[in-house]
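Student: There's a structure below that I have some questions on.
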Amino acid sequence: MKVPFVSLNVMHQEIHTELTEAFQSVLNANNYIMGAEWDRFQKDFANFCGVSFAVGCGNGLDALYLVLKAMEIGEGDEVIVPSNTFIATALAVSYTGATPVFVEPNINTYTIDPSLIEEKISDKTKAIIAVHLYGRCADMDAINQIAKVHGLKVIEDAAQAHGAVYKGKKAGSLGDAAGFSFYPGKNLARSEMLAW
């Protein structure tokens, strides 16, 4: 018996007509990138997250990289990241020229342990990336408090947290900016986004 790595057939069959109509609409308009559907999706996703803007990009790594660049983080800077994450989180930091500084997870949540963050902060630290895993948000109150005390930016890697809620607020609205991924193997799949 061969078991497929990822099978989206059941999910796609449930919305087959909707997908076919959407595809046909894009095909007829010849807008394979950007276009009215993309504009609408960006606005809808920003509204869904409770933020002002959402900007589409190529993938979750690009989303985090662009957030870091927009915050002018680069050569000589350090960014706190959890050690329990996909490599893209650290790669986004290193692609800017900055250095990822790893912090171990809380054994009960598997997200970054806020009690271990401050000992890793130096005069080069510019931001903390909190990664939400399996639809569970990191301890954002503690992380935001540490960032406030030290004058740091807070970035959410929300690639696995579409619609996750933390104390009444959705993932993507809990820090200064967030990166999402819509890769088909993620919790939700349509495209890549970053939210401000």
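The values are calculated or read from the model by the stated rules, or taken from the named source; none is laboratory data. These numbers were taken from a predicted model, which means no experiment stands behind them. Here Cβ is always computed from backbone atoms with ideal geometry, including for glycine, and neighbour counts include all displayed protein chains. The accessibility values were calculated without ligands, DNA or RNA, using every heavy atom of the protein model including side chains. Shrake-Rupley method; radii C 1.70, N 1.55, O 1.52, S 1.80 Å.
Student: Six or more apart or on different chains, Cβ atoms under 8 Å: show the pairs whose first residue is in segment 16-34 and closer than 23 Å to C57 by Cα and whose second is open to solvent by 60 Å² or more (accessible area, probe 1.4 Å).
Tutor: These pairs meet every condition: L19/H12; V26/Y32; A29/A36.
Student: Could you tell me whether V67 is under 19 Å from Q160 (Cβ atoms) and in a loop (DSSP other than H, G, I, E, B)? Talk me through it step by step, then tell me what you get.
Tutor: On the way: under 19 Å from Q160 (Cβ atoms): yes; in a loop (DSSP other than H, G, I, E, B): no.
It is false that V67 is under 19 Å from Q160 (Cβ atoms) and in a loop (DSSP other than H, G, I, E, B).
Student: Assigned to a helix (DSSP H, G or I) and closer than 23 Å to V165 by Cα: which single residue out of A92, A36, A46 fits that description? Steps first, answer last, please.
Tutor: Working: A92 fails: closer than 23 Å to V165 by Cα; A36 fails: closer than 23 Å to V165 by Cα.
On inspection, the qualifying residue turns out to be A46.
Student: Taking segment 2-33, which residues are surrounded by fewer than 12 Cβ atoms within 10 Å (Cβ to Cβ), assigned to a helix (DSSP H, G or I) and among the β-branched types (V, I, T)?
Tutor: V10, T17, T20
Student: In segment 67-88, is there at least one residue being touching a residue at least 40 places away in the same chain (Cβ under 8 Å), polar (S, T, N, Q) and either buried (at least 17 other Cβ atoms within 10 Å of the Cβ) or within 22 Å of K169 (Cβ to Cβ) (or both)? Step through it out loud before you land on a result.
Tutor: Residues of segment 67-88 touching a residue at least 40 places away in the same chain (Cβ under 8 Å): 67-68, 70-71, 73, 76-82, 84-86, 88.
Going one step further and asking which of them are polar (S, T, N, Q), we end up with 84-85.
Next cut, either buried (at least 17 other Cβ atoms within 10 Å of the Cβ) or within 22 Å of K169 (Cβ to Cβ) (or both) only: 84-85.
Checked against the condition, which is being touching a residue at least 40 places away in the same chain (Cβ under 8 Å), polar (S, T, N, Q) and either buried (at least 17 other Cβ atoms within 10 Å of the Cβ) or within 22 Å of K169 (Cβ to Cβ) (or both), segment 67-88 yields at least one hit.
Student: For segment 35-54, name all the residues that are free of Cβ contacts under 8 Å to residues at least 12 places away in the same chain and of a type in the set (G, A, S). Can you show your working first?
Tutor: Step one: of segment 35-54, the residues free of Cβ contacts under 8 Å to residues at least 12 places away in the same chain are 35-36, 39-40, 43-44, 47.
Within segment 35-54, G35, A36 meet the criteria.
Student: Starting from segment 124-135, take each residue that is of a type in the set (S, T, Y) and list its partners that are in a strand (DSSP E or B) and open to solvent by 10 Å² or more (accessible area, probe 1.4 Å), counting only C-beta distances under 8 angstrom and pairs at least six apart or across chains.
Tutor: Correct list of pairs: T125/E78; T125/V101.
Student: Ok, one more. Examine segment 109-132 for a residue that is closer than 30 Å to N47 by Cβ and small (G, A, S), and state whether such a residue exists.
Tutor: If we filter segment 109-132 for residues that are closer than 30 Å to N47 by Cβ, which is where we start, we get 109-112, 114, 126-132.
If we keep only those that are small (G, A, S) as well, we get 127, 130.
Within segment 109-132, one or more residues are closer than 30 Å to N47 by Cβ and small (G, A, S).
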